[in-house]
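> Provided herewith is a single structure, encoded as structure tokens, for subsequent inquiry.
Every read-out reported here was derived from the displayed coordinates using simple, explicitly stated rules and does not represent laboratory data. In this text the structure is predicted, and so the values were computed from the model without any measurement. Don't worry about glycine lacking a Cβ; one is built from the backbone with ideal geometry, like all the others, and counts go over all protein chains shown.
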């Protein structure tokens with residue numbers, strides 16, 4: 001069913017717990033991670049830092065927790081060309097603290113489009129187009145300037161000043177969730193437009209792609 005943005009709650013991670021060692025990651029439709037005595041629970045949000053480039057710096061919800069393993073929900077690692085069997089080890093960190101971003105508006109996204117390269121081989125008079133990955137994602141937003149001093153405002157300011165790695169979570173009214181690892185740029189300079197609320201502006205500079213979960 002279609003939905004509108006109304007009721008969407010944005011949150012940022014302000015604290016990642018100490019890293020846990022990952023000794024193995026399986027090739028599976030939903031990857032199983034081995035991490036001795038990790039202490040996590042089902043539905044925790046974690047960030048994977050993996051020797052597999054396509055899994056590195058990705059945020060996931062976890063399930064199927066046992067003492068020494070857990071499943072990265074919707075992390076498909078079955079393609080052994082991308083995910084070399086026996087690889088994937090690294091570290092993992094749990095999001096310990098979320099702060100909801102109140103009184104934000106004008107959320108926009110850019111990037112994520114396919115990149116291409118046009119090539120013409122010397123023996124041919126016809127150009128061809130090669131796929132060359134995807135552009136980086138940026139999300140921009142505005143916040144009521146009078147939110148200064150609130151947990152949301154101060155969290156954005158801290159993340160921007162420290163250039164800290166964070167996770168941005170979107171929770172739709174339907175229950176759908178989107179997670180994207182990012183760094184924050186927060187501009188405290190007020191924008192004054194006649195007839196509109198005074199705002200400050202922020203940008204989420206994505207560090208990898210989104211992971212989305214249905215309602």
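> Modelling each spin label as a point 7 Å along the Cα-to-Cβ direction, I'd like the residue 125/residue 198 distance in nm, to one decimal.
Output for this residue pair reads 6.7 nm.
> Grab every C-alpha pair in segment 78-135, bin the distances at 10 angstrom width from 0 up to the longest one, and report whole percents.
Final binned percentages: 14, 17, 28, 24, 11, 5.
> Could you calculate, for segment 98-215, the ratio of the Cα radius of gyration to the Kirkwood radius, expressed as Rg to Rh?
Numbers: Rg = 18.9 Å, Rh = 16.6 Å.
Result: Rg/Rh = 1.14.
> Springs between alpha-carbon atoms under 10 Å, Gaussian network over the chain: tell me which of 194, 123, 81 tops the mean-square fluctuations.
So, out of 194, 123, 81, the one fluctuating most is 123.
> I would also like to ask the following. What does the C-alpha gyration tensor say about the overall shape of the chain? Classify as rounded when a/c is under 1.5, otherwise prolate if a/b is larger than b/c, or oblate.
Verdict is oblate for the chain.
> Now a separate question. Relative to the present Cα-Cα distance, how much length would full extension add between residue 148 and residue 29 at 0.36 nm per residue of separation?
Taking 0.36 nm per residue and subtracting the Cα distance, the gain is 38.4 nm.
> I've got another one for you. State, to one decimal in nm, how far the label point of residue 109 lies from the label point of residue 190, with both points 7 Å from Cα in the Cβ direction.
3.3 nm
> With Rg and the Kirkwood Rh both taken from Cα atoms, where does Rg over Rh land for segment 14-96?
Values: Rg = 11.4 Å, Rh = 12.3 Å.
Rounded to two decimals, Rg/Rh equals 0.93.
> If you don't mind, another one. Label points 7 Å out from Cα along the Cβ direction at residue 37 and residue 54: separation in nm?
In this crude spin-label approximation the distance works out to 3.5 nm.
> With r defined as the distance between the Cβ atoms of residue 116 and residue 178 and R0 fixed at 22 Å, what FRET efficiency is calculated, to the nearest 0.05?
On the way: r = 26 Å, r/R0 = 1.18.
Efficiency, rounded to the nearest 0.05: 0.25.
> 222 nm [θ] for the chain, helices only, -39500 (n - 2.57) per DSSP H run of 4+, per residue, to 500?
Rounded to the nearest 500, it is -1500 deg cm²/dmol.
> Mind running the shape call on segment 30-151? Use the C-alpha gyration tensor, a ≥ b ≥ c as the square roots of the eigenvalues: rounded below 1.5 for a/c, prolate if a/b tops b/c, oblate otherwise.
Numbers: a/c = 3.64, a/b = 1.19, b/c = 3.05.
Taking the square roots of the gyration eigenvalues as a ≥ b ≥ c, segment 30-151 is oblate.
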